Amino acid sequence: MSFEWPVALVALLIVPVVAGAYVLVQRTRPRYAARFTNLDLLANVVRETPQWRRHVPPALFCLALAALAVALARPHATVAVPRERAAIMLVTDVSGSMTAEDVPPDRLSAAQSAGLRLAETLPEEVRLGLVSFSEVAAVQVPPTTQREPIAAALAGLEAEGGTAMGDGLAGALDVLDGVARGRQEGEPAPAAIVLLSDGENTLGLTQPLEAARRAAELGIPVYTVALGTDEGAIRQIPPGGILPQTVPVPPDRETLAQIAEVTGGRAFQALDADRLTEIYERLGSRIATERVEREVTAGFAAGGIVLLLGGGGLSLLWFGRLP
């Protein structure tokens, strides 16, 4: 926290002065009570001692003074706010390897749940889009502030075919290209890609690192998520074969890490559904918000007034007088 007028914090010195004066008054009270010559009569008049309650209103009063003194210094705090006109493309692998069950109940179901959680937690001002890829890439939903189309598209994803990771990334870049070039006072609109894949690139017209270099040129970071374990496998019939075979499908962590490094993003690994959801929530907060400095004088002033009213109200309620 910073202050526009830090010298005004000197006003905080009034708090210990008032607190000290209150303590002094409390210590002198027994002397005045002892002046009553008939202590039995005093006991009958004062039937109940407020004990701790008598200290609550003065304590609130001191806290109010402290809050108002800080308000005088015009404090500023760094807070997270939604990025204006931000757009995020969720690029999700729907190749046949996404049926592997090493991430219960299976990789695709985990990706669908995490994607839905991301859509629910993003600020409503942030636009979210969805691209899926297997043997070909498909733009399921262009960037939109509406979450229903995203949820419906995620629910409709089915896993089959090969992995055209580069084409999926290129398709998202085509969508975001116009967003990234949208200008406001000479600055590009913020855009980012969250790329989830569970295997190596096997098909497509664009190589993943080629698409990554294009993303870097556009200034669009790509955050990659390698889904699955090295033990992941699926049952499938090989080309020309008759009987199904068990085929290992470990994620291509190296390529995904290179994509993130080239574009200025960050690479993550998700070995289970809970970790994937956690990653998506963290990415949503990282991409969709920015840290800005805001003046919070009004908050401290309002807090001070509430404390003053609270202390005065309790004093009137309990003792019939102001502190």
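Rule-based calculations on the coordinates, nothing more; no lab input. All values reported here derive from a predicted model rather than from experimental measurement. All Cβ positions, even for glycine, are placed from backbone atoms using ideal geometry, and neighbour counts span all protein chains on display.
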Using the basic label-point model (7 angstrom from Cα toward the beta carbon), what is the Arg27 to Gln207 distance in nanometres?
8.2
If you take every residue apart from Leu203 with its C-beta less than 9 Å away from the C-beta of Leu203, what net charge results, scoring Lys and Arg +1 and Asp and Glu -1?
-2
For the chain, built as a Gaussian network whose Cα springs stay under 10 Å, the top-fluctuating residue of Leu283, Leu169, Leu308
Leu308
The chain - mean residue ellipticity at 222 nm from DSSP helices (-39,500 (n - 2.57) per run, n ≥ 4, rounded to 500):
-14500 deg cm²/dmol
Radius of gyration and Dmax for region 83-271's Cα atoms, expressed in Å?
16.3, 62
Just the projected area, averaged over all directions, of the convex hull on the alpha carbon atoms of region 202-241: how many nm²?
4.7
Just the Kirkwood number for region 243-323, please: inverse of mean 1/r across all distinct Cα pairs, in Å, one decimal.
18.8
Run through all the Cα pairs of the chain and give the fraction in each 10 Å bin from 0, expressed as whole percent.
6, 20, 21, 12, 10, 11, 9, 6, 3, 1, 0, 0
Would you mind calculating the relative contact order of the chain from Cα pairs under 8 angstrom and at least 6 residues apart, reporting the percent as a whole number?
23
Percent of beta bridges antiparallel (DSSP, region 83-271, rounded to nearest 5)
35
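Looking only at trypsin sites (Lys or Arg not before Pro) in DSSP loops with at most 11 other Cβ atoms within 10 Å, what is the longest site-free stretch of the chain? Each step should come with its number before you reach the end.
Values: sites that count: Arg35, Arg47, Arg321.
My reading of the result: 48-320 is the longest stretch.
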Using unit Cβ charges (K, R positive; D, E negative) and no other charged atoms, how large, in debye to the nearest 20, is the dipole of the chain about its Cα centre?
2900
